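The values are calculated or read from the model by the stated rules, or taken from the named source; none is laboratory data. This is a predicted model, so every value here is computed, not measured. Heads up, the Cβs are rebuilt from the backbone with ideal geometry, glycines too, and the neighbour counts pull from every protein chain shown.
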Amino acid sequence: MGGRLDHRGEHSIDYHLSFLEDNRYHILHDLRLLNHFGSNYFQLDNVILSSPFITLIDVKNYKGVIQFDNQYHQLIQVTDGKKRSLEDPIPQIRRQKLQLKKWLKAHYFPDVPIEPLIVISNQSTIIETTGNSSHFKYITHSINLPFQIKSFEDKYPIDVITPKDLVRLGNLLKKKDTPLNYNVLEYFGIHPNELIRGVHCPKCFAIPMQRGHGKWLCRVCRFASADAHIYSIQIINYFWAMCLQTKFFANFFSLTMPGQLRPIF
Ligand SMILES: [Zn+2]
């Protein structure tokens, strides 16, 4: 789950991908798919589909100097003269390539070549490699991304998937995507009893307001509001993004009858 929080940075590759011909490529982000055994999920950050090949992209926001030591499978980062060891992303993306390959086979798609890439989003980052330099082909700066993909076009001149099947593949990947339903409370170490539940009064900030006759009523200052929940929604926006579930909402707003949700949304 590390790195999940800086999505905005990850998606800055969209700019570099915008140089690609729209009609040739289908770009998908953040897919979580069940593996071919049906036993585990695997995560693909960025998938670029085209008829002759597929590119998997993992964006890394490393700073300073990064050294890929392919002999010992270490990734050393040097920032401000300090060295630290990071997880080498190459074995991970190679594993994702194998998982996608098996997934495609299990869903009766042809054996499309898959090219995994680690994209370094920070232009000032210096990339060094030691050991087996053939692993260098997996790493590129984001500015080189369109050229890297052009080189794959030269490497794979023949279409493996028909345009129709490519659309079907894109749709199936989206359909099979199973976003991880984060247990937000567990993640932040909050006990459910610690939550202050309910809609707060926009006037005196008392919690909770009571729901009745299509309005929220403050028990403290008697302020009535039709849209007080909007302010509370803004506060829990972060939770909302991750827990879009009626049950969670009904519980959070202290609503007991499912029908009570309908007049609000
Ligand atoms: Zn009030």
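Take the residues in region 110-152 that are under 24 Å from the mean Cα position of the chain (by Cα) and in a loop (DSSP other than H, G, I, E, B); name whichever of them is surrounded by the fewest Cβ atoms within 10 Å (Cβ to Cβ). Residue satisfying both the conditions and the ranking: Gln123. Residues in region 182-225 that are more than 16 Å from the ligand (Cβ to nearest atom) and among the β-branched types (Val, Ile, Thr) were compared, and the one that is modelled with the highest pLDDT is Ile190.
Take the conditions (1) assigned to a helix (DSSP H, G or I); (2) buried (at least 17 other Cβ atoms within 10 Å of the Cβ); Arg95 misses just one of them, which is (2).
Annotation note: of Gln99, Gln92, the sole residue that is among the polar types (S, T, N, Q), in contact (Cβ under 8 Å) with a residue 12 or more places away in the chain and out of contact with any His (no Cβ under 9 Å at 6 or more places or on another chain) is Gln92. Considering region 39-76, and only residues there that are surrounded by 16 or more Cβ atoms within 10 Å (Cβ to Cβ) and of a type in the set (Ser, Thr, Tyr), the residue that is farthest from the chain's Cα centre (by Cα) turns out to be Ser51.
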